[in-house]
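Structure first, commentary second.
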Amino acid sequence: AAGGHLSHGAPPNLSGRWFNIVRYGVNPATGLLDYEALERLAEAHRPKLVITGGSAYPRTIDFARIRAAADRVGATFLVDMAHIAGLVAGAAHPSPIPHAHIVSGTTTKTLRGPRGGYLLTDDAELARRLDAAVFPGTQGSIHLNVIAGKAVCFGEALRPDFKIYARQVVANARALAAGLEAGGLRVLTGGTDTHLLLVDVSGAGLTGDQAEKGMERANLTGNKNALPGDPPRPSQWTGVRLGTSAGTTRGLGEGEFDRIGRLLAKLWHSSGADGHPEPAAAAQAADEVAALARRFSTYPWLD
């Protein structure tokens with residue numbers, strides 16, 4: 001509910017059904033991780049595994065502090081860096097690798113690769129156990145086309161220009177946050193250190209679901225997301241999650257993302273009681289989006 005991933009122990013997920021999960025969260029006033037509470041919970045429950053990483057947490061995480069808490073109770077420390085892996089590879093975000101016993105991630109998202117995952121550890125015994133858990137534990141045959149895609153993905157991440165991309169992703173996310181705030185919307189934690197951000201659309205009188213559907217009328221894509229303290233029902237969530245990785249790959253810069261933030265704020269504030277944006281505002285937004293799409297083509301060599 002505070003930005004972690006379903007696979008980190010959410011009740012509907014198998015990780016939440018099979019294991020005794022003790023959740024930690026964020027400070028309700030700041031939206032930042034509550035490390036003191038995490039440390040108290042670790043001391044009280046003595047877990048076997050401490051997990052951190054997020055799918056909707058926009059700030060850097062103090063990996064060293066959580067590792068110290070895990071060490072004090074004899075727990076293994078796992079960092080899920082699926083979302084930030086490209087930023088880590090591009091040196092635009094602190095790396096969890098020096099601190100975690102295990103790092104998991106995906107080659108999609110900021111790494112811009114194929115659907116697939118990886119596990120990293122410098123512990124030979126953990127590596128042996130993880131390999132056995134993957135095969136024959138859960139996985140069948142390998143997909144060589146995906147392995148080839150991963151190789152290309154990791155090769156691209158080693159190039160000097162990948163660092164430029166990673167830094168620009170973060171700069172663009174901050175510009176997007178600034179545009180939204182200039183348009184009168186609240187961005188959680190006051191900004192972002194990563195590729196994503198959470199915006200509170202209740203200030204425009206909307207739920208996240210309504211805001212998501214309003215975006216679609218302008219041919220923009222985001223997704224409704226729970227904000228800390230939101231009700232458990234998705235229809236009552238008041239947040240929207242936005243990211244900048246794909247747009248950065250297409251060549252959009254800070255000026256364009258600031259403009260998109262202002263455009264979204266204007267679109268959402270134009271919405272009526274039914275949650276639908278005013279038709280003229282939606283049409284104007286769609287025209288602006290179309291102009292950006294033509295200017296920053298996905299496949300410029302085909303234009």
List every residue pair whose Cβ atoms sit under 6 Å apart, with the two residues 6 or more apart in sequence or on different chains, where the first one lies in the stretch 249-273 and is without any contact (Cβ under 8 Å) to a residue 60 or more places away in the chain and the second, anywhere, is in a loop (DSSP other than H, G, I, E, B) and charged (D, E, K, R). Ser270/Glu278
Quick check on my filter: what residues within the stretch 279-303 are among the β-branched types (Val, Ile, Thr) and either in contact with an Asp or Glu (Cβ under 7 Å, 6 or more places away or on another chain) or open to solvent by 30 Å² or more (accessible area, probe 1.4 Å) (or both)? Thr298
Of the residues His269, His276, which single one is open to solvent by 60 Å² or more (accessible area, probe 1.4 Å), at pLDDT 95 or above, over 18 Å from the mean Cα position of the chain (by Cα) and of a type outside the set (D, E, K, R)? His269
With criteria (1) closer than 18 Å to Thr194 by Cα; (2) open to solvent by 20 Å² or more (accessible area, probe 1.4 Å); (3) in contact (Cβ under 8 Å) with a residue 40 or more places away in the chain, Val240 comes up short on (2)
Scanning the stretch 68-103 residue by residue, those within 26 Å of Lys163 (Cβ to Cβ) and either among the hydroxyl-bearing types (Ser, Thr, Tyr) or assigned to a helix (DSSP H, G or I) (or both) turn out to be Ala85, Gly86, Leu87, Val88, Ala89, Ser95
Please give the number of the condition Glu39 fails out of (1) over 19 Å from Thr192 (Cβ atoms); (2) open to solvent by 50 Å² or more (accessible area, probe 1.4 Å); (3) out of contact with any His (no Cβ under 6 Å at 6 or more places or on another chain); (4) charged (D, E, K, R). (2)
Enumeration of residues in the stretch 32-60 that are in contact with a helix residue (DSSP H, G or I) (Cβ under 6 Å, 6 or more places away or on another chain) and small (Gly, Ala, Ser): Ala42
By residue number, the members of the stretch 203-222 that are open to solvent by 50 Å² or more (accessible area, probe 1.4 Å), in contact with a helix residue (DSSP H, G or I) (Cβ under 9 Å, 6 or more places away or on another chain) and either free of Cβ contacts under 8 Å to residues at least 12 places away in the same chain or more than 17 Å from Ala285 (Cα to Cα) (or both) are Gly203, Gly205, Thr221
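The values are calculated or read from the model by the stated rules, or taken from the named source; none is laboratory data. Since this is a predicted model, take the numbers as computed values, not measurements. Virtual Cβ from ideal backbone geometry, glycine too; neighbours counted across all protein chains shown. The area values use the complete protein model at the heavy-atom level, side chains included, leaving out ligands, DNA and RNA. Shrake-Rupley method; radii C 1.70, N 1.55, O 1.52, S 1.80 Å.
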